[in-house]
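J.: Below is the structure I would like to discuss, written out as structure tokens.
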Amino acid sequence: DAYFRGQVAAIERESLTNLSTKADWEKRRPELRRQLLEMMGLWPLPPRTDLKAIVTGTVDADTFRVEKLHFQSSPGLYVTANLYVPKKAATPAPAILYVCGHSNTVIDKVSYGSKVSFQGHAAWYAANGYVCLVLDTLQLGELPGLHHGTHHLNLWDWQTLGYTPAGIECWNAMRALDYLETRKEVDPKRIGVTGRSGGGATSWWLMAADDRPHCAVPVAGIADLSAHCCEGVATRFRQGVIGGHCDCMYFVNTYRWDFPTVAALCAPRPLLVANSDNDVIFPQPGVRRVVEKTRAVYDLYGAKDKFAFLETTGGHVDTPQLRHGAYAWMNRWLKHDAAEVTEVKPPPFTPQQLKVLARAPDDAVNAAIHESFIRPARTEMPRVPEVAREWWKGKSAEWKQTLADKVFPGWPAKAPPLNVKPVAEVVSDGLRLRAFDFTSEANVDLRVWLLTADKVDKPTLVVLHALDEKGFEELARDMGPTFKDSLQLTAEAKRDDAKFDLNRRVLEKQKWGFAYLAPRGIGPTRWDEPDTHIRRRFALLGQTLDGQRVWDTRRALAVLRETPDLKEVPLWLQGKGTMAGVALYAAIFEPDVARLDLWHPPASHAEGPIFLNVRRHLDMPQAMALAFLRQIRVYVKDDAEAKRWEWPLELQRSLGHEALKIRKVPD
């Protein structure tokens, strides 16, 4: 928790700083918008393909009609919607894009979408002279997709692609604007966007990413990074409100933004921030901090009248005060009407009356759009060795820079002091085990263990093992109760005598040393709670847990280099499974690692380790090639597993290397 608070504080300090003039902001604004689109998975923007909009039916009320329609924001990605068209308004009329929150209507296992729940808002706008398009969300529409990939479905591969359903919601809203612009009833210069909760978030995404909305009222849709990551509300969320939000509420924070930057991109267009004072998932302090920073940007434009904050009494509910505030704001800026607003009685349309689709289209991809919206990179190497060698010089340098900028942007810009402290030393049965505590990052203190033969003053080499939880438990069994305190064990350990004796022979005869690291969240620093929302909190910081474990491994290597009796001793690095991938990437950034021993590493980051955005650029086979120039041994169980590494082997043949060797071992 202290780590997250420190990281958030560092990001806050950089948020919207050094803005003394409108010119300062205008200079930065285009790149910030591009960054936002990239973090939403929308850069470059997808092709604006034919919307193929179809009206499937209409429903009449006294003063307006409702058209039931769908369009395709991209081929096969269907958006179901209702268009409320006033019957007597002068045209072209102002328009409202209403983006729904999480409030689906399901009857007898049939989804009618979220638009049914929010029809009262659309009815008010239509009765007061607006054209209003109400969109279903991806997850809670007539053709359900997924919002909850990392929330509880363990789809961590989303992070490796930089995928977020927030990008889908934003793109669907952008294409909805495209559709409104085709309607003769709509004045394209007078379009507002609003929605509450999840729809409030989508209102932010759209207003920040697209210049076409003239004004916006996001309701209960934003709070700052500290609220999401650090500040618990009552007892519902222990630390931060991220546990109460699905993935559509978040961009992939590659550039380590705080949320006021999103709000600032709306300036100087009219913006009303609306929230209740006791909203447990958009807590008051986090909303107010966003408001304060956003107001400062509006002040640069001299546009104080175009920014306002409506805070009403209540929880996370759709109160009349919030509705009236939104209606009045739209009237003010889209109709120049300052009259007091009153409610209208919504028409009693049934869910069945508002349903768009009689059956799901055969070509609909909504349910699996997360598998195709962002495609993993595919790298083809030149087949001619001479060309491949020249190509690799440029490509390897490009990828290493990309890893630093896009995959590990949350690593410290400057490594803090290691603060190495010897904390234990135990000698038993001819073995000497030492433990050293060190600082990996601020508020992340870890321990590395060094095992040597008692009578060996200086090992011939040291093998560092990067351990997962299973590996740490095996280490405990191997070492037994004699070394219990040094290993920070809480349970009794029963020594594996056969392995213990084997280690002793290697350490005594070959004079090797074995070092062990349990990166953060493993072994002594394991968390006492499920790690789902801890892992999601890392992503809010532009990090992943596995990515920071690479940093921990690099720091453990630095500890060994500083140990006096290991000066100039060669260092090898070893890992199994996901930790083999962690070790591989540590070696990419630590070129003095002499050898890698990787046991059954995943062939793709879709399986692990989980790094931010990595599959947009490269995958594990390409990473293996980046570790060339040191010895690499990959241990596999059969030919099928060996075949996964053909890409780096082929590149190696073109480069004339023999660094990488595949070894078959028993499972």
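J.: So how far, in whole Å, is the C-alpha centre of segment 503-581 from the one of segment 443-476?
T.: 9
J.: Here is a further query. Going by average Cβ neighbours within 10 Å, how do the peptides 375-388, 583-596, 421-434 rank, with the highest at the top?
T.: The most tightly packed comes first, giving 583-596, 421-434, 375-388.
J.: Over the chain, calculate the relative contact order: mean separation of alpha carbon pairs under 8 Å at least 6 apart, over the residue count, as a percent.
T.: This gives 13 percent for the chain.
J.: Once every Cα of segment 563-665 carries one equal point scatterer and solvent is ignored, give the base-10 log of I(q)/I(0) from the Debye formula at q = 0.20 Å⁻¹, two decimals.
T.: Result of the Debye calculation: -1.00.
J.: For the residue pair Asp485 and Gln352, what label-to-label distance in nm results when each label sits 7 Å from Cα along the Cα-to-beta-carbon direction?
T.: With each label placed 7 Å out from Cα toward Cβ, I get 7.6 nm.
J.: Estimate the FRET efficiency between Asp210 and Asp50 by the formula 1/(1 + (r/R0)^6), using the beta-carbon distance for r and 25 Å for R0, to the nearest 0.05.
T.: For Asp210 and Asp50, the calculated efficiency is 0.80.
J.: Ordered by residue, what ³J(HN,Hα) values in Hz, to whole numbers, does segment 630-647 give under the Karplus form 6.51 cos²θ - 1.76 cosθ + 1.60, where θ = phi - 60° and Gly and Pro are x?
T.: Each residue of segment 630-647 in turn: 9, 6, 10, 10, 10, 9, 10, 9, 7, 5, 4, 5, 5, 5, 5, 10, 5, 4 Hz.
J.: Given H placed 1.01 Å from N in the peptide plane, which residues other than close sequence neighbours of His102 have an amide H under 5 Å from its amide H?
T.: HN-HN under 5 Å from His102: Gly198, Gly199.
J.: Taking H placed 1.01 Å from N in the peptide plane, check which residues at least 5 places from Ala61 or on another chain put their amide H under 5 Å from its amide H.
T.: Val66
J.: Please identify every one of the trypsin sites (Lys or Arg not before Pro) in segment 132-195 that sits in a loop by DSSP and has no more than 13 other beta carbons within 10 Å of its own beta carbon.
T.: Here the trypsin sites (Lys or Arg not before Pro) that fit, given the DSSP loop and packing criteria, are Lys184.
J.: Per residue, how much accessible area does segment 460-551 show when a 1.4 Å probe rolls over the protein heavy atoms, in square angstrom?
T.: Accessible area per residue, segment 460-551: 43 Å².
J.: With point charges of +1 on the Cβ of Lys and Arg and -1 on the Cβ of Asp and Glu, referenced to the Cα centre of segment 274-404, which listed residue (Ser276, Pro385, Thr313) lies farthest in the positive direction of the dipole?
T.: Of Ser276, Pro385, Thr313, it is Pro385.
J.: Using θ = phi - 60° and the Karplus relation 6.51 cos²θ - 1.76 cosθ + 1.60, list the HN-Hα couplings for segment 135-140 in order, rounded to whole Hz, with x at every Gly or Pro.
T.: 9, 6, 7, 5, 6, 10
J.: Dipole of the chain (Lys/Arg Cβ +1, Asp/Glu Cβ -1, origin at the Cα centre): which of Ala367, Tyr255, Ala498 lies farthest to the positive side?
T.: It is Tyr255.
J.: Shifting gears a bit: Please state the shape class of segment 451-558: rounded when a/c is under 1.5, otherwise prolate if a/b exceeds b/c and oblate if not, all from the C-alpha gyration tensor.
T.: Here segment 451-558 falls in the oblate category.
J.: Counting helices only, and only those DSSP H runs with n ≥ 4, report the 222 nm mean residue ellipticity of the chain as the sum of -39,500 (n - 2.57) divided by its residues, in deg cm²/dmol to the nearest 500.
T.: -10000 deg cm²/dmol
J.: Going by alpha carbons, how many degrees (0 to 90, nearest 10) lie between the helix axis of 284-300 and the longest principal axis of the chain?
T.: Rounded to the nearest ten degrees, it is 70.
J.: Given an 8 Å cut-off on Cα distances and at least 6 residues of separation, report the relative contact order of segment 546-667 as a percent.
T.: RCO, segment 546-667: 22 percent.
J.: Counting only protein chains, not ligands or nucleic acids, how are Tyr635, Tyr125 ordered by accessible area (probe 1.4 Å), most first?
T.: Tyr635, Tyr125
J.: Suppose a student asked you for the relative contact order of segment 421-573, using Cα pairs under 8 Å spaced at least 6 residues apart; what percent would you report?
T.: On the way: 243 pairs, mean separation 43.5, N = 153.
This gives 28 percent for segment 421-573.
J.: For segment 502-514, what does the Karplus curve 6.51 cos²θ - 1.76 cosθ + 1.60, with θ = phi - 60°, yield as ³J(HN,Hα) per residue in whole Hz, taken in order and with x for Gly and Pro?
T.: 4, 4, 5, 4, 5, 5, 7, 7, 8, 6, 7, x, 10
J.: Between the DSSP loop rule and a limit of at most 14 other Cβ atoms within 10 Å, which GluC sites (Glu not before Pro) in segment 3-64 are left?
T.: Here no loop site has a sparse enough neighbourhood.
J.: Once ligands and nucleic acids are excluded and a 1.4 Å probe is used, how much of Cys215 is accessible, expressed in Å² to the nearest 10?
T.: 0
J.: Placing unit charges on C-beta atoms (Lys and Arg positive, Asp and Glu negative, everything else neutral), compute the dipole magnitude of the chain about its Cα centre in debye, rounded to 20. Intermediate results must be reported in sequence, preceding the final value.
T.: Values: 87 positive and 82 negative charges, 196 e Å.
Roughly 940 debye, rounded to the nearest 20.
J.: Heavy atoms only, probe 1.4 Å: what % of the accessible area of the chain goes to carbon and sulfur, would you let me know?
T.: 51
J.: Obtain the nm distance between the two label points defined at Asn443 and Lys643 by a simple spin-label model: each point lies 7 Å from its Cα along the Cα-to-C-beta direction.
T.: With each label placed 7 Å out from Cα toward Cβ, I get 4.8 nm.
J.: So, one more: Mind listing the long-range amide H neighbours of Ala515? Cut-off is under 5 Å, sequence gap 5 or more, other chains count too, H placed in the peptide plane at 1.01 Å from N.
T.: Excluding prolines and chain starts, which carry no amide H, the hits are Leu451, Val463, Leu464, His465.
J.: Just to confirm, what accessible area per residue do you get for segment 578-654 at 1.4 Å probe, in whole Å²?
T.: Here the residues of segment 578-654 average 30 Å² of exposed surface.
J.: Could you give the angle, 0 to 90 degrees to the nearest 10, between helix 2-14's Cα long axis and the longest principal axis of the Cα atoms of the chain?
T.: The angle comes out near 60 degrees.
J.: Let me ask another. Provide the convex hull volume over Cα atoms per residue for segment 160-208, in Å³. Before the final figure, lay out each step's value.
T.: Values: hull volume 3.7 nm³, N = 49.
Measuring per residue, one finds 76 Å³ for the Cα hull of segment 160-208.
J.: How large, in Å, is segment 358-480 by the Kirkwood hydrodynamic radius built from its alpha-carbon pairs?
T.: The answer is 20.6 Å.
J.: Specify whether the C-alpha gyration tensor of segment 1-47 places it in the rounded, prolate or oblate class, a ≥ b ≥ c being the square roots of the eigenvalues: rounded for a/c under 1.5, otherwise prolate if a/b is larger than b/c and oblate if not.
T.: Note, shape of segment 1-47 comes out oblate.
J.: How far is the Cα center of segment 331-402 from the Cα center of segment 13-92, in Å?
T.: So the two Cα centres are separated by 12 Å.
J.: For the chain, place one equal point scatterer on every Cα, skip the solvent, and apply the Debye formula. What is log10 of I(q)/I(0) at q = 0.05, 0.09, 0.12 Å⁻¹?
T.: Log10 of I(q)/I(0), two decimals: -0.29, -0.82, -1.20.
J.: Once you order the gyration tensor axes a ≥ b ≥ c over the Cα atoms, which shape class does segment 378-440 get: rounded for a/c under 1.5, otherwise prolate or oblate by comparing a/b with b/c?
T.: Oblate shape, in that a/c is at least 1.5 and b/c is the bigger or equal ratio.
J.: Could you compute how fast segment 602-657 diffuses translationally, taking Rh as the Kirkwood radius over C-alpha pairs and applying Stokes-Einstein at 37 °C with viscosity 0.692 mPa s? Give it in µm² per second.
T.: Estimated diffusion coefficient is 270 µm²/s.
The values are calculated or read from the model by the stated rules, or taken from the named source; none is laboratory data. Please read these numbers as outputs of a predicted model, since none were measured by experiment. Note that each Cβ is placed from the backbone with ideal geometry, even for glycine, and that neighbours are counted across all protein chains shown. Note: areas computed on protein heavy atoms with side chains; ligands, DNA, RNA excluded. Shrake-Rupley method; radii C 1.70, N 1.55, O 1.52, S 1.80 Å.
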